[in-house]
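Only one structure is covered here, and it is reproduced in the block below.
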Amino acid sequence: MKRGLFILDEFPSSWKNFSKKQVQESIRDLGKSKFIVKKIQYDGSVIISLSERGRLRALNSSFRRLGNKKCDWDKKWRMVTFDVPEECRKGRDALRYRLQVAGFYEFQESLFLYPYDCEREIRDFIKLFKLEKHVYFALLDYIDGQGRIENFFKLN
């Protein structure tokens, strides 16, 4: 049986700047913070994955990065709309908060617009909060009166 930290072989070359000890300590710290879970396989190998708390932390970071996204606009609008029932209020409020933090334009109370690619972040979030039945994502070519939205994002 192979033992050791073989995952380093899978990391991008920039990760080679970290020693094995630094990576092991970081993994230990993530475990203590309950951001990861370790599962021992039948062959003795260990699988490390993000816990629900870790996935939420990663998604929060992704949404904050969306707010700082600077790239060329492809002239398409990403629309997120939702009708989340009261029994899922926590998820609805969490979604609305993250859309606001990321800098989405609130077109209506439950309809938000964004000019850059964000589908992965939205899909990951609604999956984590089990809101798939209540949240819709669309890619639009045109919105009536879009000049004010372009001004909001400083796209002119």
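Here's the picture: charge each Lys and Arg Cβ at +1 and each Asp and Glu Cβ at -1 in the chain, and of Ser45, Leu59, Leu131 the one pushed furthest to the positive end of that dipole is Ser45.
Counting every other Cβ atom within 10 Å of each residue's Cβ, Leu59, Leu99, Leu139 order from fewest to most as Leu139, Leu59, Leu99.
Dividing the summed -39500 (n - 2.57) terms of all DSSP H runs of n ≥ 4 by the residue count of the chain sets its mean residue ellipticity at 222 nm at -11500 deg cm²/dmol. In summary, the aspartates and glutamates within cross-link reach of Lys76, defined as a Cα separation below 14 angstrom excluding same-chain residues under 8 places away, comprise Asp117, Glu119, Asp141, Asp144, Glu150. Only Lys, Arg, Asp and Glu carry charge here, each on its Cβ (+1 for the first two, -1 for the last two); on that basis the chain has a dipole of about 940 debye about its Cα centre. Only lysines eight or more places from Lys20 in sequence, or on another chain, were considered; those with a Cα closer than 17 Å are Lys2.
Expressed as a fraction of 2.2 N^0.38 Å, the C-alpha radius of gyration for the chain is 1.32.
Derived scalar couplings between HN and Hα for the range 82-99 equal 8, 9, 9, x, 4, 5, 10, 4, 4, x, 4, 5, 5, 5, 4, 4, 5, 5 Hz in order, rounded to whole Hz, by the Karplus curve 6.51 cos²θ - 1.76 cosθ + 1.60 (θ = phi - 60°), x for Gly and Pro.
If one takes the longest principal axis of the Cα atoms in the chain, at what angle in degrees, from 0 to 90 and to the nearest 10, does the Cα axis of helix 20-32 lie? Taking the Cα atoms of the chain, the angle to 20-32 is about 60 degrees.
Bear in mind these aren't lab numbers, they're just calculated from the coordinates by the rules spelled out. Remember, it's a predicted structure, so these values are computed and weren't measured experimentally. For neighbour counting, all protein chains shown are included, and Cβ atoms are generated from backbone atoms with ideal geometry for every residue, glycine included.
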